[in-house]
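Below is one structure, written out as structure tokens, with a few remarks after it.
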Amino acid sequence: MSRFVASVFIVLIGFQAIKAQTSNPQDIETQLAAADTLAPLERNRVYQNTIISLMYSNTNKAIQLAKTGLEHSTVEKDTAAMAAFANFVGVGYFINSQVDLSTPMLQNSIQWAKAVGDEKRAALSYFALANNYSKLGMPDSAINCFYAVLPYFEKQNDFKSIGTINANIAVLYYNMGHHENAKQHYTEALTYALKANDPNLNGGVYRGLGLYETDFKLRNEFYNKSLEGFRTANNKFEESSTLATIGWDYYTSKGNTTKALDYMYRAIKIAEAHEFRSLIADQSAQLTDIFMSLKDMSKAEYYANKANEFAPKDNQILMQRLEDKLFKLYVLKGDAHKADSLYISRVGRITLQNQERMLNALSEKEVMYETEKKELRINTLEKQRKITLLLSILGVTLLVIIIILIAASHKLISQKRKLAEQKIVQLEQEKQLIATQSVLEGETAERARLSKDLHDGLGGLLSVAKHKIANMKGSLTIPEEQVGTFNSALEMLDNSIKELRRVAHNLMPESLVRYGLNSDISDFCNNIDKVKYHFYGTEKRLDEKLEVAAFRIVSELVNNALKHSNASKISVQLVQEQDRISITVYDDGCGFDVKSIDRSKSGGLNNIQARVISFNGRIDILSSSEKGTEVSVEFNY
């Protein structure tokens, strides 16, 4: 009798033994009913913990609950939860040997996990997918999957997962006949299993090590440690599998069929209680071999039929092995009729399978043909759609370009119109400026002429008359009663000369022409008691016209303050810089409302502004009632 052939060690990563209050079905239903009233996140947590605790003890219930969670999370569009529940469904299907249903679920889980960046969930689903490849007889693909996820768990220092992966790789190498590689990975798995202290992992590793132990005592110790680990984890699937391993591998090897049958019966009883169909099929096949070795053909036939009943029909290799056992059994029994019926049934099954394959192939070709037709039509429609879309885009683009050109043209015309209007305004301002400058220059020239005529003409005549009259006083005898009148006439003549000189000075100050702006403003202010003058900066001569304009502005502002403000003091300030002069006249008088000035009646202010404009200057007037007035004028030169 051959030794036990290892099946894939399924310590599925992510399923920890949870000894919560979920062993009682009524408690489970109560918790789930309460969970449905919770918020989605909390409900999913209860669902997932319950699924993990049920996965090995009541796999069908775990699958059902995982499907419900998947439906909820799909409606809620919770992609992370969808990935988790799809993983649980896929693992449950695997345990039930429904690999064809398990694989797409795990692939969906991987896709959703990657979509939300859940690297761990993707690794768990890849791990489970590797177990599927193992089940499908694709060990190379399975080993590649295991090696692909190993770096993630090493980075996390996840000893349990690293040990589990090594144990699964060991099983795959064992079944491929690479026993040295298998033993090496089991030994490495034990190192991580002890660090992780996980009962499921310990159980799997010790069972694997038992396969290589030639010392029956040590082999038995390994198997018992394995059984203890799975029982601690409440892992009924692996408990059943380990009991069968002890019966089949240990006791049949020792020739103790009584003990072997005892362990096999205990194993299959657990498998039947939890509907582990794959285990029922495997263990029934092992019982068939035991009873055939004992020549108990009746029981051998019973378990052979049972194995045939529970074996997955899509596993052609297993089905062929079971049929071989039955055929051998019928031959040993001398039951030619059953052997012949089995042979005919087998031929019919193979014929039917071939027909199904042919029909499937034809159906696939028909589907491919229809698919190609649809794809061709779709491609044609897609090309038409693209052409239509391209033409639409070109039309819209052309329309946009036309609109942009019209807008740009309109903007250009508008800008040209604005520039023309600005040019007209500028020309008008220049015209007014030239006119103002001409008036001011004419006024200045006329003032200079009048000043000269008064000073040189009339002033000289009055001075000569005064001199002659004064000389007459010494040579004439004036009656005593006329002396007072004569002296009064001389005094009046003297005052007339002074007034004439004052008027001539105001018309064109002599000191302005000879000494400059600072000197002339200083003389002007010093002749008025209320006025204080301050000069700042570096004194230098300016353009004569600018000096005259500045002096006229100061005299006008001071005269206005004297006439209208009732000020007790007036301050005049001149600041002269390298390329700028600033004039400020301040009084502490009654002030006025700048906005309410009637320009048509304010000749003095208009004259000031005209002079400021003529030299491109700037004037600021600050005034308010009872707070005085401050006027600032600035020229750049």
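The values are calculated or read from the model by the stated rules, or taken from the named source; none is laboratory data. Since the structure is predicted, the reported quantities are computational estimates derived from the model, not experimental observations. In this analysis, Cβ positions are derived from the backbone assuming ideal geometry, glycine residues included, and neighbour counts consider all displayed protein chains. Accessible surface is based on the protein model in full, side chains and every heavy atom, while ligands, DNA and RNA are left aside. Shrake-Rupley method; radii C 1.70, N 1.55, O 1.52, S 1.80 Å.
Brief remarks on what is shown
- Set Lys373, Lys338, Lys365, Lys386: member being farther than 24 Å from Lys269 by Cβ, out of contact with any strand residue (DSSP E or B) (no Cβ under 9 Å at 6 or more places or on another chain), in a helix (DSSP H, G or I) and modelled with pLDDT under 65: Lys365
- Of everything in the range 302-319 that is open to solvent by 30 Å² or more (accessible area, probe 1.4 Å) and either aromatic (Phe, Trp, Tyr) or at pLDDT 70 or above (or both), the residue that is farthest from Met292 (Cα to Cα) is Pro312.
- Annotation note: Cβ proximity below 8 Å between a residue of the range 597-616 that is small (Gly, Ala, Ser) and a residue that is open to solvent by 40 Å² or more (accessible area, probe 1.4 Å) and modelled with pLDDT of 80 or more (sequence gap 6+ or interchain) occurs for Gly604/Glu556; Gly604/Asn559; Gly604/Asn560.
- Within the range 247-269, being within 20 Å of Phe310 (Cβ to Cβ) and surrounded by fewer than 20 Cβ atoms within 10 Å (Cβ to Cβ) holds for Leu261, Tyr265, Arg266, Lys269.
- Flag for Ala130 being part of a helix (DSSP H, G or I) and buried (at least 24 other Cβ atoms within 10 Å of the Cβ): yes
- Residue satisfying condition, being in contact with a Gly (Cβ under 7 Å, 6 or more places away or on another chain), modelled with pLDDT of 90 or more and closer than 23 Å to Ala66 by Cβ, within set Leu106, Leu124: Leu106
- Residue pairs whose Cβ atoms lie under 7 Å apart, sitting 6 or more positions apart in sequence or on different chains, and linking a residue in the range 519-538 that is on the phi < 0 side of the Ramachandran plot to a partner that is open to solvent by less than 60 Å² (accessible area, probe 1.4 Å) and of a type in the set (Gly, Ala, Ser), are Ser519/Ser511; Asp520/Ser511; Asp523/Ser511; Phe524/Ser555; Lys530/Ala567; Lys532/Ser571; Tyr533/Ser522.
- Options Ala189, Ala193, Ala244: the member that is buried (at least 24 other Cβ atoms within 10 Å of the Cβ), modelled with pLDDT under 90, of a type outside the set (Lys, Arg) and in contact with a Leu (Cβ under 8 Å, 6 or more places away or on another chain): Ala193
- Looking only at the range 549-592, and only at residues there that are assigned to a helix (DSSP H, G or I), touching a Leu at 6+ places or on another chain (Cβ under 9 Å) and open to solvent by less than 10 Å² (accessible area, probe 1.4 Å), the one that is nearest to Arg611 (Cα to Cα): Ala549
- Of all residues making up the range 49-89, the number that are under 17 Å from Glu238 (Cα atoms) and basic (Lys, Arg): 0
- On the stretch given as the range 35-85, residues that are part of a loop (DSSP other than H, G, I, E, B) and more than 18 Å from Ala115 (Cβ to Cβ) total 8.
- Which listed residue, of Phe153, Phe94, Phe88, is aromatic (Phe, Trp, Tyr) and modelled with pLDDT of 90 or more: Phe88
- Scanning the range 605-637 for residues that are open to solvent by less than 50 Å² (accessible area, probe 1.4 Å), within 58 Å of the chain's Cα centre (by Cα) and on the phi > 0 side of the Ramachandran plot returns no hits.
- Ala182 satisfies every condition listed in (1) in a helix (DSSP H, G or I); (2) within 26 Å of Ser53 (Cα to Cα) except (2).
- Of the candidates Phe230, Phe216, Phe237, the single residue that is open to solvent by 20 Å² or more (accessible area, probe 1.4 Å) and closer than 20 Å to Met55 by Cβ is Phe237.
- Qualifying residues in the range 38-65 (those that are farther than 25 Å from Arg231 by Cβ and in contact with a helix residue (DSSP H, G or I) (Cβ under 8 Å, 6 or more places away or on another chain)) - the one surrounded by the fewest Cβ atoms within 10 Å (Cβ to Cβ): Glu42
- For the range 99-109, a residue qualifies if it is surrounded by fewer than 23 Cβ atoms within 10 Å (Cβ to Cβ) and touching a Lys or Arg at 6+ places or on another chain (Cβ under 9 Å), and exactly one does: Val99.
- Criterion: in contact with a Ser or Thr (Cβ under 6 Å, 6 or more places away or on another chain) and either open to solvent by less than 70 Å² (accessible area, probe 1.4 Å) or within 21 Å of Thr245 (Cβ to Cβ) (or both) - qualifying residue of Gly203, Gly163, Gly177: Gly203
- Scanning the range 520-554 for residues that are out of contact with any strand residue (DSSP E or B) (no Cβ under 8 Å at 6 or more places or on another chain) and within 19 Å of Gln578 (Cβ to Cβ) yields a total of 3.
- When the range 253-269 is filtered for residues that are at pLDDT 90 or above and of a type outside the set (D, E, K, R), the ones remaining, listed by number, are Asn256, Thr257, Thr258, Ala260, Leu261, Tyr263, Met264, Tyr265, Ala267, Ile268.
- Checking the stated criteria, Glu188 turns out not to satisfy the condition of being of a type in the set (Asp, Glu) and more than 47 Å from the chain's Cα centre (by Cα).
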